[in-house]
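Asks: The structure follows.
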Amino acid sequence: LARGGSKGIPLKNIKLLAGVPLIGWVLRAASDAGVFHSIWVSTDHDEIEKVAKQFGAQVHRRSPEVSQDSSTSLEAIKEFLNHHREVDIVGNIQATSPCLHPSDLIKVADLIQKEGFDSVFSVVRRHQFRWSEVKKGENKMTEPQNLNPAKRCRRQDWPGELYENGSFYFAKRHLIEKGYLQGGKMAYYEMRAEHSVDIDIDIDWPIAEQRVLSFGYFGKEPLKEVKLLVCSVDGCLTNGRIYVTEDQKEMVSYDYRDIVGVDLLKKRGIQVRFISERDCSKTLSAMQLGCIAKVSATNKLQVLEDWKKEMGLNWKEVAYLGNEESDVECLKKAGMSGVPADACAVAQKAAGYICKSNGGCGAVREFAEHIFLLLEKVNSARKQ
């Protein structure tokens, strides 16, 4: 369910979180789980529909009647079922749960399909002591709800309590038609605490980005350490504009932050190379980057494959930053791919990360920081 009229964050469902539209995280997990006959996004908004289709989902255009602020999830699901008589079981996955993993969905599908449960919902274990509320003006004392203050146990000695986390609700058709998302033979599915992330208000966004980078699902293939970054010159390292003087000399501008980003990558042992469709050798020479470059490249993918073979790398060890249609095949092949915020639509669709910065305005430095964060994830996995 992805209504366009979010009260808290405008178009929250497609706002970029760690370089991916929020809804993209759960759509990727749902697709890779392999347990659904079809994956749908119910929306009333054109841009959300566009993003949903980019991630392989089908779209149900919900009616105005179930697109109001007062509309419930149950009403929207009922409307969907009225149009899809073939559906027997619905997994209502919240778009705001970006740390959901396919393994969770596979286990839940087994509970409802193989073990005969009518409904299954997600919970998370919390270790929080509760006290009764005393309203203002009441002459009462608060009372402990789930603890004995005289014998406070240590956190590790207390199993905690289960709370709904809203990540997903699975239910059979007959329950939903009766007006229930939870009922019949019920079961809960306990998610790991680090995977229980819900985006509600803007202040949670930077925290959620760090959680996603640490605990999110990035695809079927395990992440590998990046050893080569290939960056398109025009539109990534520069803003794509070319200034021509009266004596017909060309000038371009760049952001010093991007040069720092290149240096940081090189210090981490990551080789950086540049590629361009035009002859910009003088520009690159003037920047004194000390990097290998291929200019006048008519086939960027072939250049990338040649460099990969020369260095003895596999695709998972290659990162690519591009911005144009000519970069699309490279973006699809690279293990880690990114584009500046102002990249063309087809390049954005092919990329795994969309920078907040425009080309020539810090996008290279930002993508470098993204690589460093993912490398921390790789190193953490190795230690585990």
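The values are calculated or read from the model by the stated rules, or taken from the named source; none is laboratory data. Quick caveat, the model's predicted, so the values are computed rather than measured. We place every Cβ from the backbone using ideal geometry, glycine too, and count neighbours over all the protein chains shown. Heads up: the accessible areas ignore ligands, DNA and RNA and are worked out on the full protein's heavy atoms, side chains in. Shrake-Rupley method; radii C 1.70, N 1.55, O 1.52, S 1.80 Å.
Asks: Could you list all residues from the stretch 81-92 that are open to solvent by 30 Å² or more (accessible area, probe 1.4 Å) and either touching a residue at least 24 places away in the same chain (Cβ under 8 Å) or in contact with a His (Cβ under 9 Å, 6 or more places away or on another chain) (or both)?
Replies: H83, E86, D88, I89
Asks: Which one is surrounded by the most Cβ atoms within 10 Å (Cβ to Cβ), of the residues in the stretch 318-338 that are in a helix (DSSP H, G or I) and over 20 Å from the mean Cα position of the chain (by Cα)?
Replies: Within the stretch 318-338, the first condition is being in a helix (DSSP H, G or I), and the residues that meet it are 325-333.
Within this subset, residues satisfying the condition of being over 20 Å from the mean Cα position of the chain (by Cα) are 325-327, 329-330.
Working: E325: 13, S326: 18, D327: 30, E329: 17, C330: 24.
Here the answer is D327.
Asks: Only one of (1) touching a Phe, Trp or Tyr at 6+ places or on another chain (Cβ under 9 Å); (2) surrounded by fewer than 16 Cβ atoms within 10 Å (Cβ to Cβ) is not met by P98, so which one is it?
Replies: (2)
Asks: For D69, indicate whether it is over 30 Å from A347 (Cβ atoms) and assigned to a loop (DSSP other than H, G, I, E, B). Before you say what the answer is, go through the steps one by one.
Replies: Details: over 30 Å from A347 (Cβ atoms): yes; assigned to a loop (DSSP other than H, G, I, E, B): yes.
Judged against the criteria, D69 is a match.
Asks: Could you go through the stretch 19-27 and let me know if any residue there is outside any strand (DSSP E or B), touching a strand residue (DSSP E or B) at 6+ places or on another chain (Cβ under 9 Å), buried (at least 17 other Cβ atoms within 10 Å of the Cβ) and on the phi > 0 side of the Ramachandran plot.
Replies: yes
Asks: State the number of residues belonging to the stretch 153-173 that are over 19 Å from the mean Cα position of the chain (by Cα), touching a residue at least 40 places away in the same chain (Cβ under 8 Å) and either open to solvent by 40 Å² or more (accessible area, probe 1.4 Å) or on the phi > 0 side of the Ramachandran plot (or both).
Replies: The total comes to 3.
Asks: Tally time: how many residues in the stretch 295-307 are over 20 Å from V364 (Cβ atoms) and open to solvent by less than 50 Å² (accessible area, probe 1.4 Å)?
Replies: Within the stretch 295-307, the first condition is being over 20 Å from V364 (Cβ atoms), and the residues that meet it are 296, 298-299, 301-302, 305-306.
With open to solvent by less than 50 Å² (accessible area, probe 1.4 Å) added as a condition, the list becomes 301.
The total comes to 1.
Asks: Would you mention how many residues in the stretch 278-292 are open to solvent by 50 Å² or more (accessible area, probe 1.4 Å) and in contact with a Phe, Trp or Tyr (Cβ under 8 Å, 6 or more places away or on another chain)?
Replies: Taking the stretch 278-292 first, the residues open to solvent by 50 Å² or more (accessible area, probe 1.4 Å) are 278-279, 281-282, 285-286, 288, 290, 292.
Then drop every residue that is not in contact with a Phe, Trp or Tyr (Cβ under 8 Å, 6 or more places away or on another chain), which leaves 292.
The total comes to 1.
Asks: Consider only pairs whose beta carbons are under 7 Å apart and that are at least six residues apart or on different chains; among these, list those whose first residue lies in the stretch 261-288 and is within 17 Å of N323 (Cβ to Cβ) and whose second residue is part of a helix (DSSP H, G or I) and aromatic (F, W, Y).
Replies: Hits for this filter: R273/W307.
Asks: Also: Going by the conditions given, is Y254 touching a helix residue (DSSP H, G or I) at 6+ places or on another chain (Cβ under 8 Å), at pLDDT below 95 and in the same structural domain as R268 (by the TED database)? First the steps, then the outcome.
Replies: Working: touching a helix residue (DSSP H, G or I) at 6+ places or on another chain (Cβ under 8 Å): yes; at pLDDT below 95: yes; in the same structural domain as R268 (by the TED database): yes.
So Y254 passes the test.
Asks: Inside the stretch 1-47, can you point out the residues that are without any contact (Cβ under 8 Å) to a residue 24 or more places away in the chain and β-branched (V, I, T)?
Replies: The answer is I39, and nothing else.
Asks: Also, I was wondering about something else. Those residues that are out of contact with any Gly (no Cβ under 9 Å at 6 or more places or on another chain) and surrounded by fewer than 13 Cβ atoms within 10 Å (Cβ to Cβ), I need them from the stretch 107-130; list them, please.
Replies: K114, E115, G116, R130
Asks: Name every residue in the stretch 53-62 that is surrounded by 13 or more Cβ atoms within 10 Å (Cβ to Cβ) and not charged (D, E, K, R), in order of residue number.
Replies: Q54, F55, A57, V59, H60
Asks: Return yes or no: is I275 in the same structural domain as C361 (by the TED database) and in contact with a strand residue (DSSP E or B) (Cβ under 8 Å, 6 or more places away or on another chain)?
Replies: Working: in the same structural domain as C361 (by the TED database): yes; in contact with a strand residue (DSSP E or B) (Cβ under 8 Å, 6 or more places away or on another chain): yes.
Yes; evaluated as a whole, the condition is true for this residue.
Asks: On the basis of being polar (S, T, N, Q) and either exposed (fewer than 13 other Cβ atoms within 10 Å of the Cβ) or in a loop (DSSP other than H, G, I, E, B) (or both), does N139 make the cut?
Replies: On the way: polar (S, T, N, Q): yes; either exposed (fewer than 13 other Cβ atoms within 10 Å of the Cβ) or in a loop (DSSP other than H, G, I, E, B) (or both): yes.
So N139 fits the description; yes.
Asks: Going by what's in this entry, would D104 be described as under 18 Å from H37 (Cα atoms), among the acidic types (D, E), open to solvent by 30 Å² or more (accessible area, probe 1.4 Å) and not in a loop (DSSP other than H, G, I, E, B)?
Replies: Working: under 18 Å from H37 (Cα atoms): yes; among the acidic types (D, E): yes; open to solvent by 30 Å² or more (accessible area, probe 1.4 Å): no; not in a loop (DSSP other than H, G, I, E, B): yes.
So D104 fails the test.
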